[in-house]
Each structure stands twice: as structure tokens, then as C-alpha cells.
Amino acid sequence: MHYGDLYLGKTTVLCKDTPAFIANRIGVFGMMAIMNTMEKLQLSIDEIDALTGPVIGRPKSATFRTADVVGIDTLVKVAKGVYDNCPADEAKEKFVIPAWLNKMVENNWLGDKTGQGFFKKLRELPAASAAGGRKRNPGAQPANHGI
């Protein structure tokens, strides 16, 4: 338990043995819980990101820009892996992949690696540069907002 602290300068966290690294497990759980809430309350990507970024002390990338950086396919694989490999997990249902998220993977809207995910990479124009070279992808919404 002390190896990480002594030799790596890292704190070891003791946890029950479950699939997925602890950071992935916590991060993906949070993202999937947010996506479930988004569907239930019929909120938009912009509304969720406004609520899950700097206003609560998190990075300005909030939920959906972070998903694009991580990779939507990676997010789906980790969530599916937890769902499939943790049959007795008390929060298992949070890891069910929404149909609209599966559709994004089918469309190859995987985030930064494909240039399109929840946000779409724009050509480098002066207006695009001011917006970080990205705009929200209007096709990336839950089913009740249309894909």
C-alpha cells in the first residue's frame, strides 16, 4: 500500500475489486448519471454543460466536451464493461448506454479523433478561432431532441 507514496509520489486508494480503473469508474459513472438525468429531464447539451462546468468547480470542458476528448467510443466501452462485468453493482442501471449515444458511435461521431462528436471541429476561420474552433453538433442530442 505504501509503494506508490514512497516511490511514485502517489496515494494508493484501497477499494473493492471491480472492473475499470477507479478514475474511469468514477468519471464514467458521473457522465452516465448526467446523461440519464438529461434524458429524464429533457435538458439540452448546452444546459447540462452550463450546470456541470466551472459553476460547480469543474473544468470549462464540463461533461460533453470532456466526452469528446476522451472519445465517445471509449466512454461507451468503459460503461458497457462495467455494466457487463458488475452484475451485483448497486448502480448498474446507470451504465446502460442510451440509444442516442449508441447511434453516435454507429455514425462514427467519436469526438476529437473523428472531428465530430457532441461538438464538431470547424475550419480555422477567425470566428471559429474565437470559439476554440468548435461548435456544438446539433445532431448529438437525445432521441427527444432528434438524431
Considering the stretch 54-85 alone, what residues qualify as being touching a Phe, Trp or Tyr at 6+ places or on another chain (Cβ under 8 Å), in contact (Cβ under 8 Å) with a residue 40 or more places away in the chain and not aromatic (Phe, Trp, Tyr)?
ARG65, ALA67, ASP68, ILE72, ALA79, VAL82
What is the one condition in (1) surrounded by fewer than 10 Cβ atoms within 10 Å (Cβ to Cβ); (2) within 25 Å of the chain's Cα centre (by Cα); (3) modelled with pLDDT under 85 that LEU41 does not satisfy?
(3)
List the number of the failed condition for ILE22; all other conditions in (1) touching a residue at least 40 places away in the same chain (Cβ under 8 Å); (2) within 23 Å of ALA91 (Cα to Cα) hold.
(1)
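The values are calculated or read from the model by the stated rules, or taken from the named source; none is laboratory data. Note that the structure is predicted; figures quoted are calculated from it, not measured. A quick note on method: Cβ atoms are made from the backbone with ideal geometry, for glycine too, and the neighbour counts reach across all protein chains shown.
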